[in-house]
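Below: one structure, written as structure tokens.
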Amino acid sequence: MAQSLFIALKKNNPDVTIDVLAMDWTRPLLQRMPEVNEAISMPISHGIFGWNMRKKLGQSLREKRYDQAIVLPNSWKSALIPWFAKIPLRTGWLGEYRYGLLNDARKLDKQALPMMVERFVALAHPASLSRTPPAYEAPLMLAEPANEAINPKRKSDGQKRLILCPGAEFGPAKQWPTSHYAALADFFLTSG
């Protein structure tokens with residue numbers, strides 16, 4: 001979902017450099033996104049407060065002199081790192097009373113932006129458009145050719161595989177609409 005935000009940022013400013021602070025397990029995904037310049041390892045796991053670690057990481061990011069941080073998680077602690085990094089523009093949704101930590105804080109209208117991807121992409125645009133569902137481009141990652149050695153015994157010559165993973169761990173806001181999965185499956189089934 002975040003790639004649609006990155007695409008929107010690049011569309012708004014083709015010269016923007018996008019670095020992403022994220023968990024290491026996302027690195028293979030981020031490396032396939034042409035919009036991402038660098039994936040920075042987030043050493044603090046979900047659920048861990050880690051004040052000193054967040055402060056140290058934020059202070060280490062100061063030398064990069066970022067112009068803006070877009071904070072996607074809604075937690076108070078996720079807004080600490082850009083604040084410690086002294087990034088001048090810190091954009092995000094207001095979740096968990098982040099006044100002061102975010103200086104471009106926006107109030108989320110969940111009815112206007114029911115999907116998480118819309119919420120992410122809306123952060124690429126001025127706050128005045130925060131209640132308008134943004135148009136966005138679907139993610140398009142650069143992938144390496146499939147590795148046939150994964151399971152050569154189960155794949156015959158000419159056989160193709162399509163793997164769809166519907167659902168979301170945290171509910172429908174982060175879930176791609178079911179109709180999109182059905183349309184994608186139909187497309188590949190009928191296109192041969």
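So the values come out like this:
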{"quantity": "Verdict on Ala69 being among the aliphatic types (A, V, I, L, M) and touching a residue at least 60 places away in the same chain (Cβ under 8 Å)", "calculated": "no"}
{"quantity": "Answer residue from the range 96-136, given it is loosely packed, with under 13 Cβ neighbours inside 10 Å and among the charged types (D, E, K, R) and is farthest from Val71 (Cα to Cα) among those", "calculated": "Lys110"}
{"quantity": "Residue list for the range 1-50, restricted to those being among the small types (Gly, Ala, Ser) and either farther than 15 Å from Ile70 by Cα or loosely packed, with under 15 Cβ neighbours inside 10 Å (or both)", "calculated": "Ser41, Ser45, Gly47, Gly50"}
{"quantity": "Close pairs (7 angstrom Cβ cut-off, 6 or more residues apart or separate chains): polar (S, T, N, Q) in the range 102-119, crowded, with 16+ Cβ neighbours inside 10 Å and outside any strand (DSSP E or B) anywhere", "calculated": "none"}
{"quantity": "Whichever residue in the range 51-82 is closer than 19 Å to Met1 by Cα and part of a strand (DSSP E or B) and, among such residues, is most open to solvent (accessible area, probe 1.4 Å)", "calculated": "Ile70"}
{"quantity": "Pairs, first over 22 Å from Trp176 (Cβ atoms) in the range 1-16, second open to solvent by 10 Å² or more (accessible area, probe 1.4 Å) and of a type in the set (Gly, Ala, Ser), C-beta under 7 Å, six or more apart", "calculated": "Asn12/Ala124"}
{"quantity": "Single unsatisfied condition, Gly92 versus (1) open to solvent by 80 Å² or more (accessible area, probe 1.4 Å); (2) at pLDDT 95 or above", "calculated": "(1)"}
{"quantity": "So Glu118, is it within 18 Å of Phe6 (Cα to Cα) and among the charged types (D, E, K, R)", "calculated": "yes"}
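The values are calculated or read from the model by the stated rules, or taken from the named source; none is laboratory data. Every value quoted in this text rests on a predicted model; they were computed, and no experiment measured them. Cβ sites come from the backbone with ideal geometry, for glycine too, and all protein chains shown count toward neighbours. Accessible surface areas use protein heavy atoms only, side chains included; no ligands, DNA or RNA. Shrake-Rupley method; radii C 1.70, N 1.55, O 1.52, S 1.80 Å.
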